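In what follows, a single structure is set out as structure tokens and then discussed.
The values are calculated or read from the model by the stated rules, or taken from the named source; none is laboratory data. The structure displayed is predicted, hence computed values, not measured ones. Methodologically, a virtual Cβ is constructed for each residue, glycine included, from the backbone with ideal geometry; neighbour enumeration extends over all protein chains shown.
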């Protein structure tokens, strides 16, 4: 089925959503006699729940499993599927309001499509599901809400610590050097001009007076080191470059993610 995965920005754990083709949602629901729609119902509610967590809103639900049970086993007692249908529609409206600033999902249109499906007017083809997915796609296509996933590369939205975090990349020694046991790799820093004169050992005497050269203090290590994992601004990719993976300007990894305005901490070996 044609779909495009995206990553929800700000979710506590790296959470994906799918931009699904509404036509295929309808086709698969019809040819699987509704079984596909049970799983689809769970996933769209799970995606909205994760979006609610990212947005700090309680309007997008918190139990997608219960929603899926309502439209599957709950159909045996008739009422639960209609309650879940209404609740999911309200969540789609809330998701659009939170991310697009407006509500485009029309609950009356969805209800009409549901009724004509139940009465067999559309030959029991669940067009309502396609309508709901098409409205959700408007949320997931918003670049302020989601980031595209690059196949084969870790996504910058994946947490760097805690549950769901990938293992850190293995530190590689500089070419031509051997790693030293127990010594952490040093953070690359921008090349600094060095003094051409070397200090020489001198015996202090009564007539010796300090000069600018002898009183110059070495710069502290903190002043020469950049923050760990943060490349210095203005390096490599220009501000006009689109968000993507580029060669790491710090040399820490093979690739580093440029978000369109600045370098991030997300790298790939």
Subject >> Verdict on residue 114 being farther than 30 Å from residue 10 by Cβ, assigned to a helix (DSSP H, G or I) and in contact (Cβ under 8 Å) with a residue 12 or more places away in the chain >> reply: yes
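Among what's in the stretch 146-159 and is assigned to a loop (DSSP other than H, G, I, E, B) and in contact with a strand residue (DSSP E or B) (Cβ under 7 Å, 6 or more places away or on another chain), pick the residue that is modelled with the highest pLDDT. Talk me through it step by step, then tell me what you get.
Step one: of the stretch 146-159, the residues assigned to a loop (DSSP other than H, G, I, E, B) are 149-159.
In the following step, the residues that additionally are in contact with a strand residue (DSSP E or B) (Cβ under 7 Å, 6 or more places away or on another chain) were identified as 149-150, 153-157.
On the way: 149: 72, 150: 60, 153: 53, 154: 52, 155: 51, 156: 53, 157: 48.
Among them, the one singled out is 149.
Quick test for you: out of 33, 100, pick the one residue that is assigned by TED's automatic domain parsing to the domain that holds residue 139 and over 22 Å from residue 124 (Cα atoms). Reasoning before the result, please.
Details: 33 fails: over 22 Å from residue 124 (Cα atoms).
That would be 100, the only listed residue that is assigned by TED's automatic domain parsing to the domain that holds residue 139 and over 22 Å from residue 124 (Cα atoms).
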**OP:** Of the numbered conditions (1) modelled with pLDDT of 80 or more; (2) crowded, with 19+ Cβ neighbours inside 10 Å, residue 102 fails exactly one; give the number of that condition.
**Re:** (2)
Original post:
Looking only at helices (runs of 4 or more DSSP H) that fall completely inside the stretch 1-81, which ones have 3 or more residues that are touching a strand residue (DSSP E or B) at 6+ places or on another chain (Cβ under 9 Å) and buried (at least 19 other Cβ atoms within 10 Å of the Cβ)?
Top reply: 35-55
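Give 187, 133 a once-over and let me know the one that is more than 30 Å from residue 47 (Cα to Cα) and either modelled with pLDDT of 50 or more or surrounded by 11 or more Cβ atoms within 10 Å (Cβ to Cβ) (or both). Before you say what the answer is, go through the steps one by one.
Values: 133 fails: more than 30 Å from residue 47 (Cα to Cα).
Among 187, 133, only 187 is more than 30 Å from residue 47 (Cα to Cα) and either modelled with pLDDT of 50 or more or surrounded by 11 or more Cβ atoms within 10 Å (Cβ to Cβ) (or both).
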**OP:** Check residue 72 against each of (1) touching a residue at least 24 places away in the same chain (Cβ under 8 Å); (2) closer than 24 Å to residue 5 by Cβ; (3) touching a helix residue (DSSP H, G or I) at 6+ places or on another chain (Cβ under 9 Å) and name the one condition it does not meet.
**Re:** (2)
